[in-house]
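The values are calculated or read from the model by the stated rules, or taken from the named source; none is laboratory data. As the structure is a prediction and not an experimental result, all values here were calculated from the model. No Cβ is skipped: glycine too gets one built from the backbone with ideal geometry, and neighbour counts run over all protein chains shown.
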Amino acid sequence: GQRGDYDDWTKDWTTKIRIKPDNREALVPLLARGAMEPKNILPRNFSEGIFRGGKSSKELYRRITQGIDGTPMPALTFVDGEVERDDVWHLINFIRSRETPTDPIPTADSVKPMDSVTVTIPAAGEEQASLSQSPFAMVASHSGASH
């Protein structure tokens, strides 16, 4: 991946003193006096599914078409016949295809049955209905007066 680009803040302060951010020898005296270490801008790892500004398709569309301030990512320029709005959606679909699910899809072997679940539902008047469910049977019972 690319490692030769830096955040805007690093580029700004190193340019003002006419030093390239990758010139470690020239930076040593400044770092010794407390200057911040230059920060490389690293490319996004699409498989992680973590995106600056949100991960919904709408948010990704906005980031691609408007760019991200403070980073080397510029806004996309639409060019009739070359780069059109549908191309952005194709790019978003590609980005989404690179994501690795964080939660594995449950299988029959990984799901364990519950012994039972009890839910109490208030009934009319002072009666209460109780619903108990097991993996094999469902039983409904009412507490209070019998009908």
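Quick notes on this one:
- Criterion: surrounded by 14 or more Cβ atoms within 10 Å (Cβ to Cβ) and at pLDDT below 85 - qualifying residue of P101, P72: P72
- If you go through the range 57-87 and keep only what is closer than 30 Å to T10 by Cα, assigned to a helix (DSSP H, G or I) and either free of Cβ contacts under 8 Å to residues at least 12 places away in the same chain or not hydroxyl-bearing (S, T, Y) (or both), you end up with E59, L60, R62, R63, I64, Q66.
- Qualifying residue in the range 74-85 (condition: within 30 Å of the chain's Cα centre (by Cα) and of a type in the set (F, W, Y)): yes
- Restricting attention to the range 29-42, the residues that are part of a helix (DSSP H, G or I) and loosely packed, with under 11 Cβ neighbours inside 10 Å add up to 2.
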